[in-house]
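Reading through the structure tokens given below for one structure.
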Amino acid sequence: MSMLTSKQEAFVQQYMIDRNATQAAIRAGYSPKTARSQGQRLLTKVDIQSRLGELERKAESFAEKKADDVRERLAAIAWTDLTEIVDFDGQHMTMRAFESLTPAQRACIKDWKIRTVTRMEVGEDGKPVPVEVDMVEIKLHDKLKALELYAKHIGMEREAKKDAVPIFNLTVITEGEQDRHDKSRALPAATKASRTA
């Protein structure tokens, strides 16, 4: 790749913003009076076309990575089970240490808060004793919504709609139309034919 001048590189960077050669030329420092012709001339240069192609490939790669990140996050929300986040001993549920959760498991948690509650436990003497414990309330992201968004993201929804077959065809007849509908069914076939002709 040959070297672009700093002004040409500025044009390329500005052109990538909105694909408007005239505005890119102005923002890159070319004269507003000649920006239109300068922008068009710059777009014909092989070095500039090459640099634009390089930046477009980088932008596509970045967009693909972001799309992959979105799919991974949605999949984590949709398929992570509550038992991966908390332990249950038959009586009490305990949240696992936040640091021990994987990024996918942490992504499922929409909100959490800790509050202190008092509960009664049996003391050594067999009598009820009030004990303060920290209670963790966990709110997870909506799994069904995550599945729906995931399906849209990977194109499953379009495929499902394309393959859908209507089960039945429903015609709704309002009350006033019912009388006309009944009368038209009662007409002899010759009358119906003459009405449609």
- Message: Testing Asp125 on (1) within 26 Å of the chain's Cα centre (by Cα); (2) of a type in the set (D, E, K, R); (3) farther than 17 Å from Lys139 by Cα, one condition comes back false. Which one is that?
- Response: (1)
- Message: Considering only segment 97-116, I want to know if a residue exists there that is in contact (Cβ under 8 Å) with a residue 24 or more places away in the chain and small (Gly, Ala, Ser).
- Response: yes
- Residue among Arg57, Arg36, Arg51, Arg41 that is under 28 Å from Lys152 (Cα atoms) and part of a helix (DSSP H, G or I): Arg57
- Say we look at segment 59-88 and pick out the residues that are surrounded by fewer than 11 Cβ atoms within 10 Å (Cβ to Cβ) and among the basic types (Lys, Arg); which of these is nearest to the chain's Cα centre (by Cα)? Lys66
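Would you say Phe11 is among the aromatic types (Phe, Trp, Tyr) and surrounded by 13 or more Cβ atoms within 10 Å (Cβ to Cβ)?
Numbers: among the aromatic types (Phe, Trp, Tyr): yes; surrounded by 13 or more Cβ atoms within 10 Å (Cβ to Cβ): yes.
Spelling it out, Phe11 is indeed among the aromatic types (Phe, Trp, Tyr) and surrounded by 13 or more Cβ atoms within 10 Å (Cβ to Cβ).
Could you look through segment 101-120, keep only residues that are surrounded by 10 or more Cβ atoms within 10 Å (Cβ to Cβ) and of a type outside the set (A, V, I, L, M), and pick out the one that is farthest from the chain's Cα centre (by Cα)? Break it down into steps so the answer makes sense when it comes.
Filtering segment 101-120 for residues surrounded by 10 or more Cβ atoms within 10 Å (Cβ to Cβ) gives 101-102, 104-110, 112, 119-120.
The next check asks that each one be of a type outside the set (A, V, I, L, M); those that pass are 102, 105-106, 108, 110, 112, 119.
Working: Thr102: 22, Gln105: 19, Arg106: 18, Cys108: 15, Lys110: 16, Trp112: 23, Arg119: 42 Å.
Across segment 101-120, the extreme among qualifying residues is Arg119.
One line per residue, one yes/no per condition, for (1) assigned to a strand (DSSP E or B); (2) of a type in the set (Gly, Ala, Ser); (3) closer than 30 Å to Asp69 by Cβ; (4) modelled with pLDDT under 85:
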residue	(1), (2), (3), (4)
Gly90	no, yes, no, yes
Glu99	no, no, yes, no
Asp125	no, no, no, no
Arg158	no, no, yes, yes
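Please specify each residue of segment 14-53 satisfying the condition of being among the hydrophobic types (A, V, I, L, M, F, W, C), out of contact with any Asp or Glu (no Cβ under 8 Å at 6 or more places or on another chain) and surrounded by fewer than 16 Cβ atoms within 10 Å (Cβ to Cβ).
Of all residues in segment 14-53, those among the hydrophobic types (A, V, I, L, M, F, W, C) come to 16-17, 21, 24-26, 28, 35, 42-43, 46, 48, 52.
Then keep just the ones that are out of contact with any Asp or Glu (no Cβ under 8 Å at 6 or more places or on another chain); that gives 17, 21, 25-26, 28, 35, 42-43, 46, 48, 52.
Result: Ile17, Val46.
The values are calculated or read from the model by the stated rules, or taken from the named source; none is laboratory data. Note that the structure is predicted; figures quoted are calculated from it, not measured. Here Cβ is always computed from backbone atoms with ideal geometry, including for glycine, and neighbour counts include all displayed protein chains.
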